[in-house]
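Since the structure comes first, as structure tokens, the remarks are kept for the end.
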Amino acid sequence: MIATSRPDEASPPRFLQLAGHPLRWRLLRELAHSDRRVGELCELAAQRQSLVSYHLRRLRDGGLVSARRSLADGRDTYYVLELARCGELLVSAGASLHPGLAPAVGSHHGRDRGLARARVLFLCTGNSARSQMAEALAEQLSEGAIRAASAGSHPKPLHPNGVRVMRARGMDIAGCRSKPLSEFTGQRFDYVISLCDRVREVCPEFPGAPQAIHWSVRDPAREPGTEQQTLPAFERTAAELELRIGFLCAAIEQTNRNEEVITHA
């Protein structure tokens, strides 16, 4: 007797139905590189706004994309790819096709110590919380694969809650100083990542044409209340940065390995 699939298994998983559309896949690929406004996505995809907005709504309804109001211009919205959710759905889709495609438990890809370190600059307005946390997280999570720095367009003293949430993660940034963006303008980086909608608008060009990436991360220092009351906002910011930087580390490692293969081909 030939085994057949159950009726509820006949249709592709929801993720494949959503991502399988050519325009939606293009939008996902663009958002995988950087958070974008709808106008930017229309230009990159060469499609009219009504069509792009429709497919963005489908992706939002499916939990693959979220939207955030711009802090630089409240009339704008940034779209954000939910990478962790996409990863979960991809794993589920593979396992639904064949159990052998489920990931092995405990698998870990360590860093090849022979690969060159990538230079990454994180930018926000004050360099008092978001970019300082990102710098420390990148150094630790990459296991030495990233040489990180951070700066602000209008530096402010380090926020105590930023120090607290990083200490809880085993990182001490209490001795770090806030640095102006001008301190790095002549230096070369592989990636320049803006964490603030405002600083994205004033970010200068850097020599060597680094990859410009934007993450629209809320500023926890703008939350009203006492330090104790705003601590959860800093924790949410640290958790978001930790998630995003984990994916960044994996992407940089893969890029370095690909370049190494080409070099020795």
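One table, with the values for the structure above:
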item: Helix-only mean residue ellipticity at 222 nm for the chain, each DSSP H run of n ≥ 4 adding -39500 (n - 2.57), per residue, nearest 500; result: -14000 deg cm²/dmol
item: FRET E, pair residue 187, residue 11, Förster distance 45 Å, beta-carbon r, rounded to 0.05; result: 0.30
item: Evaluated over region 34-90, the Cα radius of gyration and Dmax, each in Å; result: 11.7, 34
item: Only Lys, Arg (+1) and Asp, Glu (-1) charged, at Cβ; region 113-265 dipole about Cα centre in debye; result: 220 debye
item: Under-5 Å amide H pairs with residue 178, H placed in peptide plane, nonlocal only; result: 158
item: Projected label distance in nm at residue 23 and residue 229, using a 7 Å step from Cα toward the beta-carbon; result: 4.5 nm
item: Relative contact order [Cα under 8 Å, 6+ residues apart], region 115-241, whole percent; result: 28 percent
item: Ellipsoid semi-axes in whole angstrom, largest first, where each is sqrt(5λ) of the Cα gyration tensor of region 150-253; result: 25, 17, 13
item: Ordering of 171-181, 57-67, 131-141 by packing [mean C-beta count within 10 Å, highest first]; result: 131-141, 57-67, 171-181
item: Residue-level accessible surface for residue 182, protein heavy atoms, 1.4 Å, Å²; result: 80 Å²
item: The chain: most fluctuating residue of 237, 125, 226 per GNM, C-alpha cutoff 10 Å; result: 226
item: Nearest-20 debye value, the chain charge dipole, Cβ charges on Lys, Arg, Asp, Glu; result: 360 debye
item: Computed over region 184-231, Kirkwood Rh from alpha-carbon pairs, angstrom; result: 12.6 Å
item: Euclidean distance between Cα centres, region 42-69 to region 140-165, Å; result: 32 Å
item: Evaluated over the chain, the Cα radius of gyration and Dmax, each in Å; result: 20.3, 73
item: Accessible area in square angstrom per residue, the chain, 1.4 angstrom probe; result: 55 Å²
item: Gyration tensor over alpha-carbon atoms, region 121-198, equivalent ellipsoid semi-axes in Å; result: 18, 16, 10
item: Under 13 Å, Cβ to Cβ, from residue 153 - net charge with Lys/Arg +1 and Asp/Glu -1; result: +1
item: Student exercise, region 12-169 dipole from Lys, Arg, Asp, Glu Cβ charges, in Debye to nearest 20; result: 220 debye
item: Global form of region 50-197, assessed from the alpha-carbon gyration tensor, a/c cut-off 1.5; result: oblate
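The values are calculated or read from the model by the stated rules, or taken from the named source; none is laboratory data. Bear in mind the structure is a predicted one, so any value in this text is a computation, not a measurement. Cβ atoms come from the backbone with ideal geometry, glycine included; neighbour counts cover every protein chain shown. Just so you know, the surface numbers come from the protein's heavy atoms only, side chains and all, with ligands and any DNA or RNA stripped out. Shrake-Rupley method; radii C 1.70, N 1.55, O 1.52, S 1.80 Å.
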